Amino acid sequence: MNTSNTNSIEATAFAAGPARDSRFDVKERWSECLNLPDTHPDRDLEFFHRQMNEEINGMENAARNLADFPDAEWSVRMSIARQTADEARHVLMFRRILERRGGWLGRYAVLNFQYRIITKIDNLVGRLAVQNRAFEAEGVDAVEPAIQKARDAGDSELADLFEAQLADEIGHVRFANEYIAQATKSNPMNVMRVGRALNQASEAFLSVMGQEAIDSVKYTTNEQGRLEAGFSPEEVRFAAADRNARKKHAGT
Amino acid sequence: MGLILREKAEHLATFRWLEVFLMETLARWVPTTPEMEVKVLMGRHIWDAAQHADALGKRTFELRAPMHYTLAPLPLHLSTMNELASVEDTTGRLQSVYDVILPGLAARYQQYLQNSDSLLDEPSFRVIEGILNDYARMRKESEEVRAELRETLVFDPERAERWSRQESAISDFVVQGSGATLAREASA
């Protein structure tokens, strides 16, 4: 991507970042992070640290949804308030396991792209489509196999953490699916808002992660998890086919 | 003198406004407060405030007001709340919520209980007693965070005392006289 494209995306698809204290080293691109290989002994610590900061982003996004959209229906505000508290609890869960296993806050660089992408979107239906229905649904796909992997390795502490996280995330995706379905039914303009938000986020995500990082995804679609999260069987089939096609294209 | 039914609904509707205000204030502060521990504390307590608002809003309906009936407080109390919510520094934000707003609200909830009847208004008592228990836990959790960050956060106790005096000096905070047939008027 050339410099002018990068500057253009920076202006149109990213908001300012959230506040972080001096313990955190904030980067803007995936390639600037350490990204330890799977075989490295500290790879899990880097993952816990990254995940902890992503949960902070999730909490900050949900909080902003409450602050920015005071006229949204009370029922969805309740769900968002619950999500804020869930993400806060996830931060503590990942901090605890990070520190128990020898890591510490600030050991690795962090990215705040989720917050910067989500808060650039100026409507609630678009934000929930990107944060909950896209980012968190990816989490639903990614966490399920990690639970079994941790169980197989005899790591019940980590497996229990992932199970708790997955249950919460399914709830977040579900309320967003319900809200988006109702919002698009009651106002067709919301279909366009969702589409525009997804396009904007997709471009921004690519500029942060790079195609190589996106192509390196190894997990498959968690069909049962997505059904529980309120996706229709057709949407789940489409997601699975799309994932398989991308993996085939990338050779992973 | 005890509160009549309409006044009970107006009090609970005002408490609801204050809980939503607290939820939104914490929500604004989560991304703009640098210290992770403080962010997380506030993020967890957003859900507490939301649940309080929800329970109060359901109770207003039982008191013949609209579901989730919400009334802004009187102007003096409103301006004090806005001032407390405009604090920019982390220590000030902690003091504002946990040393001033929550104790101030707790005193007003206690006042409500003193002016109502625990039998006639038992469901309101249950809601408010639950809120007061939550407040005690929330303040304890804020003390734990302050202890964890004692090396980096320096508090000015005089500031919190000044705010508390300002808040507690306001006795009347509920807009009254919104009508004897509250539900009918509000839904008209």
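The values are calculated or read from the model by the stated rules, or taken from the named source; none is laboratory data. Bear in mind that the values here come from a model prediction, so they are computed numbers and not experimental data. Glycine also receives a Cβ, built like all others from the backbone with ideal geometry; neighbour counts cover every protein chain displayed. Please note that ligands, DNA and RNA were not included when accessible areas were found on the heavy atoms of the full protein model with its side chains. Shrake-Rupley method; radii C 1.70, N 1.55, O 1.52, S 1.80 Å.
Extension gain, A:ALA164 to A:TRP104, is 19.4 nm, computed as 0.36 nm per intervening residue step minus the present C-alpha separation. Karplus-based coupling profile of the stretch B:73-87, in residue order and whole Hz: x, 4, x, 5, 5, 4, 5, 5, 4, 4, 5, 5, 8, 9, 5, with θ = phi - 60° in 6.51 cos²θ - 1.76 cosθ + 1.60 and x standing for Gly or Pro. Its DSSP H runs of at least 4 residues, each contributing -39,500 (n - 2.57), put the calculated 222 nm mean residue ellipticity of chain A at -23500 deg cm²/dmol, to the nearest 500. Computed from protein heavy atoms with a 1.4 Å probe, the total accessible area buried between A and B is close to 2100 Å².
Which of rounded, prolate, oblate describes the stretch A:181-252, given a ≥ b ≥ c as roots of the alpha-carbon gyration tensor eigenvalues and a/c under 1.5 marking rounded, otherwise prolate only if a/b is larger than b/c? Oblate.
Over the stretch A:14-250, what percent of the accessible surface lies on carbon and sulfur atoms, probe 1.4 Å? Ligands and nucleic acids excluded, carbon and sulfur give 52 percent. Could you tell me the center-to-center distance, by alpha carbons, between the stretch A:20-58 and the stretch B:1-29 in angstrom? So the separation of the two Cα centres works out to 41 Å. Averaging Cα coordinates gives a centre for the stretch B:43-67 and one for the stretch B:106-125; these two points are 16 Å apart.
Ligands, DNA and RNA are left out, and with a 1.4 angstrom probe the accessible area of chain A is 47 Å² per residue. For a quick check of your reading of the filter: which trypsin sites (Lys or Arg not before Pro) in the stretch B:120-150 sit in a DSSP loop and have no more than 11 other Cβ atoms within 10 Å? Of the trypsin sites (Lys or Arg not before Pro), the ones in loops of the stretch B:120-150 whose Cβ has at most 11 other Cβ atoms within 10 Å are B:ARG150.
Exposed loop positions in chain B were taken to be GluC sites (Glu not before Pro) whose DSSP state is not H, G, I, E or B and which have at most 12 other beta-carbon atoms within 10 angstrom. Between these positions, the longest stretch is B:1-87. Computed across the stretch A:38-128, the Kirkwood radius stands at 14.2 Å (inverse of mean 1/r, all Cα pairs). Of the three principal axes defined by the Cα atoms of the stretch B:39-139, the extents in descending order read 44, 30, 24 Å. Taking the Cα centre of the stretch B:1-50 as origin and assigning +1 to Lys and Arg Cβ atoms and -1 to Asp and Glu Cβ atoms, the resulting dipole is close to 120 debye. Inter-chain neighbour count for A:64-76: the average number of beta-carbon atoms from partner chains within 10 Å of each residue's beta-carbon is 3.
Would you work out which of B:THR32, B:PHE173, B:PRO103 lies farthest towards the positive end of the dipole of the stretch B:10-175? Charges go on Cβ: Lys and Arg +1, Asp and Glu -1. Going by the charge dipole, the pick is B:PHE173.
Taking a ≥ b ≥ c as the square roots of the Cα gyration tensor eigenvalues, the protein assembly as shown comes out prolate, since a/c reaches at least 1.5 and a/b is larger than b/c. Near the amide H of A:VAL110, within less than 5 Å, lie the amide hydrogens of A:ASP25, A:VAL26, A:LYS27, all on another chain or at least 5 residues away, with H placed in the peptide plane.
Helix-only arithmetic for chain B: the sum of -39500 (n - 2.57) across DSSP H runs with n ≥ 4, divided by the residue total, places the mean residue ellipticity at 222 nm at -23000 deg cm²/dmol.
Counting only other chain Cβ atoms within 10 Å of each residue's Cβ, the peptide A:7-18 averages 1. Mean partner shielding of peptide A:19-32, defined as the number of other chain Cβ atoms within 10 Å of each residue Cβ, is 2.
Dimensions of the stretch B:1-54 from C-alpha coordinates, computed as largest minus smallest value along each principal axis and given longest first, are 47, 18, 14 Å. Measuring against 30 Å, Cα to Cα, the residue pairs A:LYS120/B:LYS58; A:LYS27/A:LYS120; A:LYS149/A:LYS248; A:LYS248/B:LYS39 contain A:LYS120/B:LYS58; A:LYS248/B:LYS39 as the ones spanning a longer distance. Net charge dipole, chain A: roughly 320 debye, given to the nearest 20, about the Cα centre with Cβ charges of +1 for Lys and Arg and -1 for Asp and Glu. When the inverse distances between all different Cα atoms of chain B are averaged and flipped, the Kirkwood radius reads 17.1 angstrom. The trypsin sites (Lys or Arg not before Pro) of the stretch B:40-92 include none that DSSP puts in a loop with a beta carbon having at most 12 other beta carbons within 10 Å. Charging the Cβ of each Asp and Glu at -1 and of each Lys and Arg at +1, and nothing else, the dipole of the protein assembly as shown about its Cα centre rounds to 640 debye. Could you tell me the center-to-center distance, by alpha carbons, between the stretch A:208-240 and the stretch A:69-135 in angstrom? Measuring centre to centre over Cα atoms gives 19 Å. Taking 0.36 nm per residue of separation and subtracting the current Cα-Cα distance, fully stretching the chain between A:ARG246 and A:SER75 would add 57.9 nm.
Based on the Kirkwood radius over alpha-carbon pairs, what value in µm²/s does the Stokes-Einstein equation return for the translational diffusion coefficient of chain A at 25 °C and 0.890 mPa s? My calculation gives 130 µm²/s for D.
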